[in-house]
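The values are calculated or read from the model by the stated rules, or taken from the named source; none is laboratory data. Predicted model, so just to flag it, every value in this text is computed and none were measured. Note: ideal-geometry Cβ built from the backbone for every residue, glycine included; neighbour counts use all protein chains shown. Side chains are part of the model used for accessible areas, which takes the heavy atoms of the whole protein and leaves out ligands, DNA and RNA. Shrake-Rupley method; radii C 1.70, N 1.55, O 1.52, S 1.80 Å.
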Amino acid sequence: MRPDNESEVVARVREAMARSRRLELRGSGSKRSIGAPVEEIDEVDVLELTGLQGIVDYDPSELVLTVRAGTPWVEIERTLAAERQMLACEPLDVAGSLGGTVGRMTVGGLVASGLSGPRRVVAGSVRDHVLGFRAVSGRGELFVGGGKVVKNVTGYDLPKLLTGSWGRLAALTEITLKVLPAPEVARVWAIKGLDATAAWQCLARVLGSSVGVTAALHFGPGTVGAEALTVLRLEGFAASVAARLHALQALLGRGLALHALSAGEASGLWGSLASLDVLSHDRPVWRLSVPARQAPSLLARLAVEGDRWFFDWGGALCWLASNVDPERLRSEVAAVGGHAILWRAEAALRRRVPTFHPLPTALGALEERVRSQFDPLGVFATARFAGGGHAH
Amino acid sequence: MSVLMPALDEAVLARRAQIVAALRTLVAADAVIDEVARMRPYESDALTAYRQLPLVVVLPETTEQVAAVLRWCHANGVRVVPRGAGTSLSGGALPLGDAVLLVLSKFSRILEIDVDDRLAVVQSGVANLAISAATEPHGLYYAPDPSSQIACSIGGNVAENSGGVHCLKYGLTTHNVLGVRLVTMEGEIVDLGGRAFDSSGLDLLGIVVGSEGLLGVVTEVTVRLLPKPESVRALLIGFPTVDDAARCVAEVIAAGIIPAGMEMMDRPAIHAAEAFVQAGYPLDAEALLIVEVDGPPAECDELVDQVEKLARRNAAQSCRSSTSEAERMRFWAGRKAAFPAVSRIAPDYYCMDGTIPRRRLPEVLQRIRELSQRHGLGVANVFHAGDGNLHPLILYDANQPGQLERAEEFGNDILRLCVEVGGVLTGEHGVGIEKRDLMPEMFSADDLAHQQRVKCAFDPQQLLNPGKVFPVLHRCAELGRVHVHGGAVRFPELPRF
């Protein structure tokens, strides 16, 4: 099913309610291999939202863009770039990391997954840039949340709840984003050979200073090269980037040499963040969100010889390819106050292991009550995330 | 009071003595206040036009005590209104006559500052500014800076999703909070978010921030800290017309500049402020802009130059840029004193808080002037120009019969106007009771029902802060009904995942 307008989305949801079918909401399907496979027997129809296309309103000086949910992200990126603007959380098209085709991701899929790129460490995540939406809930009702201005506290902040809800609450039909000026200049530098602890310390020192880097990553040995690589990015007006580089060099001192990366090298690294091509292909990939200071010791406990990893956001986001026991990984991650998403794995493992980190009992029950208010019949509750979210 | 609050529960009023006695078994006996004279300071928040004594005031000291009080009230069907420092401008902490007022002022400790991971864990009664004061020795600060920051509590900021003059660049409370410890009305203690950048499952933290004390009581907050910028400079620019100033603002942003702050004042506000603090504001200007930039000195200097050029191109009559911290503070002195300054030119003022698309500003200010004439009340406008957040200050005299009602009607007209031009009812003060009855101007019945059902998930009996935010208190059973079109529900047993 591929409706091309909002009322048809309403009709399809109501039809599913009446026929007791479930609906899997889908944009381009670029992240479809996250989560358990859905089988014929599950009585699921796919509701593809790529028919809802086009920019509804864009006024660059208002910093607001309203767009239909099925619009390809590349089209939006192009439109913004023409006005020298961007979505500051730096969305990554991760299709490549999941065996899909790059360039088809929709803005609805971006918001529904809520996944941000490296600039998130200083600029906030997708949820911080979603101002409003129109959507059809599992009740078959069209509703709006938020607004179309950059500052708004009227009513509950439903845009936050819908962002990252992975199609479990409502079918997004229209999204209003806060956009920002794109930097005039971006420069990337790297430090070679730091171990994970030294890298975290270095990134923490830089992020805690007024230097103002906009990316802070560390690639473990054997990922982008034999040696580990710690990566920093500066962005802004040319004069500002020059001043910030000077401050960065002064902060790091003589001990740590900064190597400038060429534009080609930098874009190669950035590509790897989306494609995860630097991680081993023969073992499951995990996305770990943890307090940054925990990253070095956690990775040391989890990774065995041959497991590859890197961390972003100064350590707060770790990517690990490993055959480590999922239960053990999740208990280690939870013990340090983080959570783990099973990102890439064979179907059998995805069927057995919940995609999302199970929640503590009371929180899981609360989340389920919130979910069921939007979708009481479970129209959007396919088997995809059936094991996820809850400890039941 | 012109806002209708939920009918008092007579049965609860009749049981007052028992309720007070029961509460005294849950918290220290002297932490329960039931004498009228001692409850008097709690009868309103900063929206002082509305006053109501609570049933009883309780000041717990621990999360467990909060949980015990809420669990007891839930079991006994007693309503609860949470309160931080009581600085809400929308009546969010207005007591109800049949409700326990749960005051969080004893939650005043900063529990931890993690310099490396740039976060602080604080109890919810800690004042906003106290966080920055405690973290300043480490070169860090907490960015949101509501004008009441010396007094307002971080828990109240979470409830209201408070902003400030720097939020175009640094965001509102929601963008600067990593986690909260929340006690639900049932007395469950849950941690939403934490020290990582995101958490598993639905973003319940995101929905709790800005929920105006309707979803739970926050006892601890984990905030994100930012490094203090190396330098800060401000410009003070006078314009002959509001149009020129508005165009300048749009061109600054179109040039790729996101100032740390960008404030506008209209002629009445300029004159009131200048008479009050002698900040050196240009009295011939129809609109005054304060533009603040921060970052490395080289960046500030370049941005100041660029903004100066854009100001000149847009007919600025005067343009000064700060060359010292003292001068920058002087530029801000008038803006920061705008509210007290206005209170010198009128016995009372009523501060509004709508947001509009910035491009509609000249037209909106013109129509506010027309409304001012129609209602026979003066108005001065201060405005967070960068993000389109208007603060019209309506001047009135509460001692003149009918003036408060006229001021409210004028205010409602302004907010309707904000919605009409594509904006919203509140940019940072919250809905509370003040804008509650205007919610249908912005949201349809279905929109509101989807919000109110979130309340049902957290507090199905609607005992926590009822009568705020939503104009009609629907019962959760009624909101929960599913309308199936053209068929019967046949899911025999839904999987409960």
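Around the amide H of B:PHE383, modelled in the peptide plane, lie the amide H atoms of B:MET264, B:HIS391, all under 5 Å away and 5 or more residues distant in sequence or on another chain.
About its Cα centre, what dipole magnitude does the protein assembly as shown give when the only charges are +1 on Lys and Arg Cβ and -1 on Asp and Glu Cβ, stated in debye to the nearest 20?
The calculated dipole for the protein assembly as shown is roughly 880 debye.
Taken residue by residue and averaged, Cβ atoms of other chains lying within 10 Å of the Cβ of B:443-450 number 6. Report the residue, chosen from A:GLY29, A:GLY155, A:GLY268, that carries the largest GNM mean-square fluctuation when chain A is represented by alpha-carbon nodes joined by springs under 10 Å. Greatest mean-square fluctuation among the candidates belongs to A:GLY155. For B:LYS228, the lysines whose Cα comes closer than 26 Å to its Cα, not counting residues fewer than 8 places off in the same chain, are A:LYS151, A:LYS178, B:LYS169, B:LYS336. Going from the chain on its own to the full set of protein chains, the range B:356-384 has these residues losing 30 Å² or more of accessible surface (heavy atoms, 1.4 Å probe, no ligands, DNA or RNA): B:ARG358, B:ARG359. The angle between the Cα long axis of helix B:242-254 and the longest principal axis of the Cα atoms of chain B comes to about 80 degrees, rounded to the nearest 10. Determine the shape class of the range B:152-210: with a ≥ b ≥ c the square roots of the Cα gyration tensor eigenvalues, call it rounded for a/c under 1.5, and otherwise prolate if a/b is greater than b/c, oblate otherwise. Judged from the Cα gyration tensor, the range B:152-210 comes out oblate (a/c at least 1.5, b/c at or above a/b).
Look at the stretch A:235-246: the mean tally of other chain Cβ atoms within 10 Å of its residues' Cβ atoms is 4.
Calculated mean residue ellipticity, 222 nm, chain A: -9000 deg cm²/dmol, from DSSP H runs (n ≥ 4) at -39500 (n - 2.57) each, averaged per residue and rounded to 500. Computed from backbone phi, the HN-Hα couplings of the range B:416-429 come to 4, 4, 4, 5, 4, 8, x, x, 9, 6, 8, x, 7, 8 Hz, rounded to whole numbers (Karplus: 6.51 cos²θ - 1.76 cosθ + 1.60, θ = phi - 60°; Gly and Pro given as x).
Taken along its principal axes, the alpha carbon cloud of chain A reaches lengths of 69, 50, 36 Å, longest axis first. When you count the other C-beta atoms within 10 angstrom of each residue and take the mean per peptide, A:212-220, A:69-77 line up highest first as A:212-220, A:69-77.
Select from A:ALA238, A:GLY314, A:ALA274 the residue farthest towards the positive end of the dipole of the range A:224-332; place +1 on Cβ of Lys and Arg, -1 on Cβ of Asp and Glu, and compute about the Cα centre. Farthest towards the positive end: A:ALA238. Other residues whose C-beta falls under 11 angstrom from the C-beta of B:GLY411 contribute a net charge of -3, scoring Lys and Arg +1 and Asp and Glu -1.
In chain A, the longest principal axis of the Cα atoms and the axis of helix A:6-19 are about 60 degrees apart.
3J(HN,Hα) along the range A:205-218: 5, 5, 5, x, 9, 7, 4, x, 6, 10, 7, 8, 10, 9 Hz, from the Karplus curve 6.51 cos²θ - 1.76 cosθ + 1.60 with θ = phi - 60°, whole Hz, x for Gly and Pro.
Rounded, prolate or oblate: which fits the range A:110-155 when a ≥ b ≥ c are the square roots of the eigenvalues of the alpha-carbon gyration tensor, with rounded for a/c under 1.5 and prolate only if a/b beats b/c?
oblate
Divide the volume of the convex hull around the Cα atoms of chain B by the residue count and you get 173 Å³ per residue.
Highest mean packing first, where packing is the average number of other Cβ atoms within 10 Å per residue, the peptides B:17-28, B:344-355, A:241-252 line up as B:344-355, A:241-252, B:17-28.
Inside 10 Å of the C-beta atoms of B:284-294, what's the mean count of C-beta atoms belonging to other chains? Could you put the intermediate results ahead of the total?
Working: counts 0, 0, 0, 0, 0, 0, 0, 0, 0, 0, 1.
Across B:284-294, the average partner-chain Cβ count within 10 Å equals 0.
The angle separating the long axis of helix B:63-75 from the principal Cα axis of greatest extent in chain B is about 60 degrees.
Run the numbers on chain B and let me know its relative contact order in percent, using alpha-carbon pairs under 8 Å that are six or more apart. Rounded, it is 14 percent for chain B.
Give, rounded to the nearest 20 debye, the magnitude of the charge dipole that chain B has about its Cα centre when Lys and Arg contribute +1 at Cβ and Asp and Glu contribute -1 at Cβ.
Details: 46 positive and 62 negative charges, 123 e Å.
Charge dipole, chain B, about its Cα centre: 600 debye, nearest 20.
Seen from A:LEU98, the other residues with C-beta closer than 13 Å to its C-beta sum to a net charge of +3, counting Lys and Arg as +1 and Asp and Glu as -1. Near the amide H of A:VAL56, within less than 5 Å, lie the amide hydrogens of A:THR66, A:VAL67, A:ARG68, all on another chain or at least 5 residues away, with H placed in the peptide plane. Among A:181-190, B:277-286, sorting by the average number of other beta carbon atoms lying within 10 angstrom of each residue, highest first, gives A:181-190, B:277-286. For the range B:362-456, averaging the sequence separation of C-alpha pairs within contact (under 8 Å, six or more residues apart) and dividing by the residue count gives a relative contact order of 18 percent. Each residue of the range A:267-278 was assigned a 3J(HN,Hα) from its phi angle through the Karplus curve 6.51 cos²θ - 1.76 cosθ + 1.60 (θ = phi - 60°); the sequence is 6, x, 4, 5, x, 5, 5, 8, 8, 6, 5, 8 Hz, with glycine and proline shown as x.
Using a simple charge model, +1 on the beta-carbon of Lys and Arg, -1 on the beta-carbon of Asp and Glu, nothing else, what dipole does the range A:28-146 show about its Cα centre, in debye to the nearest 20?
For this selection, approximately 400 debye.
Can you find, among B:LEU236, B:GLN306, A:VAL304, the residue sitting farthest towards the positive end of the charge dipole of the protein assembly as shown, where Lys and Arg contribute +1 and Asp and Glu -1 at Cβ? Result: A:VAL304. Burial of accessible area (probe 1.4 Å, heavy atoms of protein chains only) in the range A:323-339, relative to its chain alone, reaches at least 30 Å² for A:HIS339.
What is the local net charge at A:LEU261, summed over the other residues whose Cβ is closer than 12 Å to its Cβ (Lys, Arg +1; Asp, Glu -1)?
Result for the local shell: +2.
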